[in-house]
Amino acid sequence: MTDLIIGSGPSGIATATALLARGRSVTLLDGGKLPEPEAIARRDALAARAPEDWSQPERAAYQAPQFAAPEGQTRRYGSDFAQEAAADTLAEGCDGFALRASRAVGGLSNLWGAAVLPYRQHDIADWPVTAEELAPHYRAVAGFMPIAGREDALDNLLPGYLAPGATQIPPPPQAEALLARLDAKRDRLRAMGVHTGAARQAVEAGCIRCGMCLHGCPWGHIYSARKTLETLKAHPRFTYRPGALVAGFSETEDGVTLALADGRTVTGTRVFIGAGVLETARLMLASAPGTPRELILKDSQHAFLPLLHRWRTKLRPDRPPHHTLPQLFAEIEHPDVSDRLVHAQFYTWNEHYARDLLQNYGARLPGSAPLLMAMSRRLIVAQMFLHSDHSARIGLRLAADGRLNARVEVNPDTGRVLDAAKRKLSRAMAQAGLVALGFAARPGAPGSSFHVGGTVPMAATPAPGQSDRLGRPHGLRRVHIVDASVLPSIPATTITFSVMANAHRIGAEAR
Ligand SMILES: Cc1cc2nc3c(=O)[nH]c(=O)nc-3n(C[C@H](O)[C@H](O)[C@H](O)COP(=O)(O)OP(=O)(O)OC[C@H]3O[C@@H](n4cnc5c(N)ncnc54)[C@H](O)[C@@H]3O)c2cc1C
């Protein structure tokens, strides 16, 4: 018999890799959605020629569908394949709650920003698993997921897990200038409790900086779990069943049975659920005996802080070669802000800046367009993330029609910690020649960071509603949850690398 995995996103793929390495047979099921043929044709047409040969209208046509995406929907290649529309999986409560599920091959990793950081022990002190225990699994994940970056002072706080010979994607000129300025002030910043360094991204070394990161890399250089899936398909003990949407599961003495939405069933020795936190919650609420009526999802809330650089640049930031993934990380480690790290990632120029400025301020300030365009070329945006201790929680219940109802519980601490983080980051960045536009800072809605989890948290001695170290919900022996649903808390540093390391650990340890 085979082990079953639900989901080909980062968590399912990391589990499959670990199970296959142990000699297990694996059958992986997923929702099977892919970009439509027109979207693939659009991507391939661009990839057929070097970016220098793309005309401006061609660039604009490739980007247009992403600019036209409805609020809250993230598109790539002009396709919505990777993210379900809210109403497809949420019945009530989708207004103030921005998290969305994926039924795509590769899940949400088709859309992600590819920012990669591990968790620090102090931030997961409430977990029954330590950062030291996760370390070999971070390394194993880094063995199949490319990580671009460079060794710098940030490694002292958060190891980079860079492969020998790993290189960084050359940062755009504004980011390079900011990194140099921050480096020159490193001791002063450290005394303020701010650690900075170059961003690490899950991107292949072949990136040619065409600047299309937010529209769908024409060459697929940004890592998606689909890439590893392609490799796994060649494995003799791996079976892939795309488009097998799971509606529920049941456990017997010697196996598990999955009920598919089309009425068929699939059996296996055990099941590893990596369906993403919303779909996993739905499966738990629908199937697992003893699951509380409401599961509580923990969020890592985020906010955007715009800053302007005071220095002049010779090179126009809006002219490639460049990339528009995160380029710098800053970690705030200061008790006046939080007992936990606050993480910030910085984005220099991208093609959304001028549009957003014109949209938000252009109509209110007639004649301001040239000024706003010039400002957009000096704009740098910091995206700050908080630990789940300071963030909203979301109650999830099963609706009568099988979708989920969501109920947001605001955390009274969020505003205070975000304000303190904003002030600290603004003062620190002033050292490097940035002026923070604190009045224009914008918090994201609960769930919109997509750094969420903790509905069935791992515990050393699990009670009903919790899971053990192997992600097994209380009372179940053959069902393991491997996605962020089992993380006991959500630190501020990026989530996916740790989800993958933990999923790999469960796949390696579940005997
Ligand atoms: C715009 C955006 C930017 C992001 N940026 C970052 C970032 O920079 N860094 C970071 O760390 N994280 C980032 N994330 C978050 C990251 O994408 C997720 O943490 C990650 O994809 C979660 O992986 P997963 O495998 O748990 O679930 P998912 O990626 O959601 O995959 C779920 C899988 O389960 C399958 N599935 C779902 N339901 C069923 C079902 N009922 N039956 C069968 N199969 C099913 C799907 O087909 C899919 O294969 C970002 C997310 C978004 C949307």
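The set of residues in the stretch 266-281 being under 19 Å from residue 499 (Cα atoms) and either near the ligand (Cβ under 10 Å from one of its atoms) or open to solvent by 30 Å² or more (accessible area, probe 1.4 Å) (or both) consists of 273, 274, 275, 276, 277, 278, 279, 280. Restricting 296, 332 to residues that are away from the ligand (no atom under 16 Å from the Cβ) and either among the charged types (D, E, K, R) or buried (at least 22 other Cβ atoms within 10 Å of the Cβ) (or both) narrows the list to 332. Taken over the stretch 186-203, the criterion of being more than 17 Å from the chain's Cα centre (by Cα) and charged (D, E, K, R) is satisfied by 186, 187, 188, 190. Residue count for the stretch 223-240 satisfying the condition of being among the polar types (S, T, N, Q) and in a loop (DSSP other than H, G, I, E, B): 1. Applying the set (1) open to solvent by 20 Å² or more (accessible area, probe 1.4 Å); (2) aliphatic (A, V, I, L, M); (3) part of a helix (DSSP H, G or I) to residue 365 leaves exactly one unmet item: (3).
Does residue 394 count as closer than 24 Å to residue 173 by Cα and within 22 Å of the chain's Cα centre (by Cα)? Here the answer is no, as residue 394 does not meet what is asked.
For the stretch 245-265, the set of residues classified as near the ligand (Cβ under 8 Å from one of its atoms) and either closer than 24 Å to residue 450 by Cα or among the acidic types (Asp, Glu) (or both) consists of 245, 246, 247, listed by residue number.
Scanning the stretch 418-436 for residues that are in a loop (DSSP other than H, G, I, E, B) and touching a Ser or Thr at 6+ places or on another chain (Cβ under 9 Å) turns up just one, 432.
Annotation note: Cβ proximity below 9 Å between a residue of the stretch 485-506 that is more than 19 Å from residue 12 (Cβ to Cβ) and among the hydroxyl-bearing types (Ser, Thr, Tyr) and a residue that is open to solvent by 10 Å² or more (accessible area, probe 1.4 Å) and at pLDDT below 95 (sequence gap 6+ or interchain) occurs for no pair. Of the residues 64, 48, 69, 86, the single one that is in contact with a Cys (Cβ under 6 Å, 6 or more places away or on another chain) and free of Cβ contacts under 8 Å to residues at least 24 places away in the same chain is 86. Of the residues 429, 384, 458, only one is within 16 Å of the ligand (Cβ to nearest atom) and over 29 Å from residue 74 (Cα atoms); which? Unique residue meeting the criteria: 458. For residue 219, the criteria (1) within 21 Å of the chain's Cα centre (by Cα); (2) within 14 Å of the ligand (Cβ to nearest atom); (3) not hydroxyl-bearing (Ser, Thr, Tyr) hold in every case but one, which is (2).
Residue-by-condition table, conditions (1) on the phi > 0 side of the Ramachandran plot; (2) open to solvent by 20 Å² or more (accessible area, probe 1.4 Å):
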{"site": "4", "(1), (2)": "no, no"}
{"site": "23", "(1), (2)": "yes, yes"}
{"site": "37", "(1), (2)": "no, yes"}
{"site": "40", "(1), (2)": "no, yes"}
{"site": "46", "(1), (2)": "no, no"}
{"site": "49", "(1), (2)": "no, yes"}
{"site": "52", "(1), (2)": "no, yes"}
{"site": "60", "(1), (2)": "no, yes"}
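The condition of being in a loop (DSSP other than H, G, I, E, B), modelled with pLDDT of 95 or more and open to solvent by less than 20 Å² (accessible area, probe 1.4 Å) holds for only one of 263, 216, 248, 243, that being 216.
Only one entry of 21, 39, 16 meets the criterion of being more than 30 Å from residue 237 (Cα to Cα) and within 26 Å of the chain's Cα centre (by Cα), and that entry is 39.
Results for (1) of a type outside the set (A, V, I, L, M, F, W, C); (2) open to solvent by 20 Å² or more (accessible area, probe 1.4 Å); (3) on the phi > 0 side of the Ramachandran plot; (4) more than 16 Å from the ligand (Cβ to nearest atom), shown as yes or no for each residue.
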{"site": "143", "(1), (2), (3), (4)": "yes, yes, no, yes"}
{"site": "152", "(1), (2), (3), (4)": "yes, yes, no, yes"}
{"site": "159", "(1), (2), (3), (4)": "yes, yes, no, no"}
{"site": "177", "(1), (2), (3), (4)": "no, yes, no, yes"}
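Selection of the stretch 474-511 for residues being away from the ligand (no atom under 16 Å from the Cβ) and farther than 17 Å from residue 134 by Cβ yields 474, 475, 476, 477, 478, 511.
Of all the criteria given as (1) in contact (Cβ under 8 Å) with a residue 40 or more places away in the chain; (2) within 27 Å of residue 423 (Cα to Cα); (3) under 20 Å from the mean Cα position of the chain (by Cα), the one not satisfied by residue 323 is (2).
The values are calculated or read from the model by the stated rules, or taken from the named source; none is laboratory data. This one's a predicted model, so the numbers in the text were calculated from it and none came from an experiment. Here the Cβ is made from the backbone with ideal geometry for all residues, glycine too, and neighbour counts use every protein chain on show. Heads up: the accessible areas ignore ligands, DNA and RNA and are worked out on the full protein's heavy atoms, side chains in. Shrake-Rupley method; radii C 1.70, N 1.55, O 1.52, S 1.80 Å.
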